[in-house]
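First the structure, in the form of structure tokens, and then the observations on it.
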Amino acid sequence: MKDFSKNVPRETLEKFRVYRELLVKWQKAINLVSRGTLNDVWSCHINDSLQIVPYITARKVLDIGSGAGFPGMILAMIGGFDVICVDSDKRKTIFLEEVARLTKTCVTVINDRVENLTNLDVGVICARGFSNLSNLVEIINSFKSSPIGVFLKGTKVKGEIEDASTLFDFRYELHDVDPSKKIIVINSVTRKNAI
């Protein structure tokens, strides 16, 4: 995988370091990420999140099912985006608030279900490991601001596209990141008429 950190300022790299330490510390109490990825937080989570930056085309970004904060917290740390991280698990939003406080990162953290936030004016919705594409496309469609979706997906994404296409019309771009990871960018979503 390409290293996306080459142009990241030293201050941001320091935020990433603090973030990693907090992730390892909090993982002992709550399940934030897969335990097998804790030895390589940089590649598995931070760098993985950075790879979506070229596809974020609006300033206001909503990270749904944010969990440990990937990719939303990373986008907030690098700056240039107004990021909202939303998760329904109160423990995870407390973790994200602590990360934001200790790294002095400007980010909004909301403890709620995304279905309750469809009036938010956002330009991009992003997610990583949150849900299948049909659900993600339905979430995009429910927002009045007509955001685009930028999602990190695995090798089964083509099947997910087929499934979502039975319910919705949408345009998409699929970008290969490495053999096991894809980025899908979705826009122009409309629900198909029921027969």
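For the reader, a short list of remarks on this structure follows.
- Candidates VAL109, GLY65, LEU136 compared by Cα position along the dipole of the chain: farthest toward the positive end lies VAL109, with charges placed on Cβ.
- Taking only the C-alpha atoms of segment 18-113, the Rg (one decimal) and the largest Cα-Cα distance, Dmax (whole number), read 12.3, 36 Å.
- Length added when fully stretched, SER145-ARG113, from 0.36 nm per residue minus Cα-Cα: 9.8 nm
- DSSP beta bridge pairing in segment 10-191, given as percent antiparallel to the nearest 5: 45
- From the coordinates of this entry, semi-axes √(5λ) of the Cα gyration tensor in Å is computed, and it appears in [x] 27, 18, 16; [y] 24, 18, 16; [z] 44, 20, 11 under the label [x].
- Scattering profile of segment 126-195 at q = 0.11, 0.24 Å⁻¹ [log10 I(q)/I(0), Debye over alpha-carbon scatterers]: -0.23, -1.07
- Listed residue (ILE148, LEU13, VAL189) projecting farthest to the positive dipole end of the chain, Cβ model: LEU13
- Between the residues SER180, LEU96, GLY159, the greatest Cα displacement towards the positive end of the dipole of segment 10-191, with unit charges on the Cβ of Lys, Arg, Asp and Glu, is found for LEU96.
Every number in this text was worked out from the coordinates using simple rules, so none of it is lab data. What you are looking at is a predicted structure, and each value in this text was computed from that prediction instead of being measured. So basically every Cβ, Gly included, is an ideal-geometry build from the backbone, and we count neighbours across all protein chains shown.
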